[in-house]
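Step one of this worksheet: look at the structure below.
The values are calculated or read from the model by the stated rules, or taken from the named source; none is laboratory data. Fair warning: this is a prediction, and the values are worked out from it, not measured in the lab. Cβ: placed from backbone, ideal geometry, glycine included. Neighbour counts: every protein chain shown.
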């Protein structure tokens, strides 16, 4: 039995905001943004678009690619740091209703930018322990633009909106040995000591609204960029090494970076990927990057990248790929997958 990704989809808003567009409003410029982040543009949702709207479109694309209906879904797992509502209902439930997946259980995952990696492993676990359930939709969807302080040039240049979805199915293919397929192994981790390095401080039960209070600082992301950068480079290098080491130990044959068709990292900052690659001696072309066009779409970045690789004909059956996530929590993780 294998847990395989059988289809992908993505949705990005039509409004494209370039670095020059931002430079016309805040004190920044294209050269600075590109040199520090690798970002050239980002797509921004309109006032009426929420997390579930982008998730719905990406989900429809994945279902259409697979040629199956929403009624065949057993689970919907949606990762987001910018859900439709605070606390409840889950955005996954909103998608479940809109898409007509009345047979599916639905839940959100809050693991920051690592959310999709967590979601894929969660789906695999749920499908593996059930005899009757076989299909899950795993979504990463973000409208980060609505929780950003657009006057803070250190953070507003980094993020964009978008959604990506994958359809995951339990199949009769082997999960080990010759011809193995699907999700081979996952590493998930967290370092809660870094909670203040990337957070939305206001609005939760730690810092709730109080009667009579005049709110001058709305809920928005705050980030210690240097601390997150250092954490990300360390977690990326360790996750790559540990995933390959675990697979090598499991198979009895050495699995190296050379065996990977692609490394698909969270698209937070191109400099993070370059630094990690340099530490491990991995050529930059081994990493798939689309951050120049979309910026950091948080939990959506990995599934958006997978869809672009898939629809672009850059993924082939049997390819070994590795995903990498890191983000608020602080969290980190990666998946090793045979496509």
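Of everything listed in (1) in contact with a helix residue (DSSP H, G or I) (Cβ under 6 Å, 6 or more places away or on another chain); (2) surrounded by 15 or more Cβ atoms within 10 Å (Cβ to Cβ), the single unmet condition for residue 119 is (1). Taking the conditions (1) crowded, with 17+ Cβ neighbours inside 10 Å; (2) within 24 Å of residue 191 (Cα to Cα) in turn, residue 147 satisfies each one other than (1).
Conditions tested, residue by residue: (1) touching a helix residue (DSSP H, G or I) at 6+ places or on another chain (Cβ under 9 Å); (2) surrounded by fewer than 18 Cβ atoms within 10 Å (Cβ to Cβ); (3) farther than 29 Å from residue 108 by Cα.
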{"site": "274", "(1), (2), (3)": "yes, yes, yes"}
{"site": "292", "(1), (2), (3)": "yes, yes, no"}
{"site": "309", "(1), (2), (3)": "no, no, no"}
{"site": "316", "(1), (2), (3)": "no, yes, yes"}
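Within region 162-190, residues that are at pLDDT 95 or above have Cβ atoms under 7 Å from residues that are part of a loop (DSSP other than H, G, I, E, B) and surrounded by fewer than 22 Cβ atoms within 10 Å (Cβ to Cβ) in these pairs: 169/134; 170/1; 170/134; 182/173; 182/175, counting only partners at least 6 apart in sequence or on another chain.
Can you tell me how many residues in region 316-326 are within 19 Å of residue 291 (Cα to Cα) and out of contact with any strand residue (DSSP E or B) (no Cβ under 7 Å at 6 or more places or on another chain)? Give the steps one after another, and end with the answer.
Here is the first cut: in region 316-326, the residues within 19 Å of residue 291 (Cα to Cα) are 321-326.
Checking the rest, the ones that are also out of contact with any strand residue (DSSP E or B) (no Cβ under 7 Å at 6 or more places or on another chain) come to none.
So the count comes out to 0.
Here are 41, 64: which of them is within 24 Å of residue 19 (Cα to Cα) and at pLDDT 95 or above?
Values: 64 fails: within 24 Å of residue 19 (Cα to Cα).
Just one listed residue meets the conditions, 41.
Among residues that are under 19 Å from residue 315 (Cα atoms) and either surrounded by fewer than 23 Cβ atoms within 10 Å (Cβ to Cβ) or out of contact with any helix residue (DSSP H, G or I) (no Cβ under 7 Å at 6 or more places or on another chain) (or both), residue 244 is not included. The residue of region 126-146 that is nearest to residue 60 (Cα to Cα), among those that are more than 16 Å from the chain's Cα centre (by Cα) and part of a loop (DSSP other than H, G, I, E, B), is 134.
Is at least one residue of region 84-91 assigned to a helix (DSSP H, G or I), at pLDDT 95 or above and more than 24 Å from residue 154 (Cα to Cα)?
yes
Given (1) under 28 Å from residue 193 (Cβ atoms); (2) at pLDDT 95 or above, identify the lone condition not met by residue 338. Every condition holds for residue 338 apart from (1).
Each row is one residue, and each column tells you yes or no for (1) part of a helix (DSSP H, G or I); (2) buried (at least 17 other Cβ atoms within 10 Å of the Cβ); (3) within 22 Å of the chain's Cα centre (by Cα).
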| position | (1), (2), (3) |
| --- | --- |
| 177 | no, no, no |
| 183 | no, yes, yes |
| 188 | no, yes, yes |
| 196 | yes, no, yes |
| 206 | no, no, no |
| 209 | no, no, no |
| 214 | no, no, no |
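Within region 86-98, the set of residues being under 18 Å from residue 133 (Cβ atoms) and surrounded by fewer than 23 Cβ atoms within 10 Å (Cβ to Cβ) comprises just one member, 93. Within region 42-58, the set of residues being more than 19 Å from residue 293 (Cβ to Cβ) and in contact with a helix residue (DSSP H, G or I) (Cβ under 6 Å, 6 or more places away or on another chain) comprises 51, 52, 55, 56.
Report yes if residue 123 is in a helix (DSSP H, G or I) and under 28 Å from residue 267 (Cα atoms), otherwise no.
Details: in a helix (DSSP H, G or I): yes; under 28 Å from residue 267 (Cα atoms): yes.
Yes.
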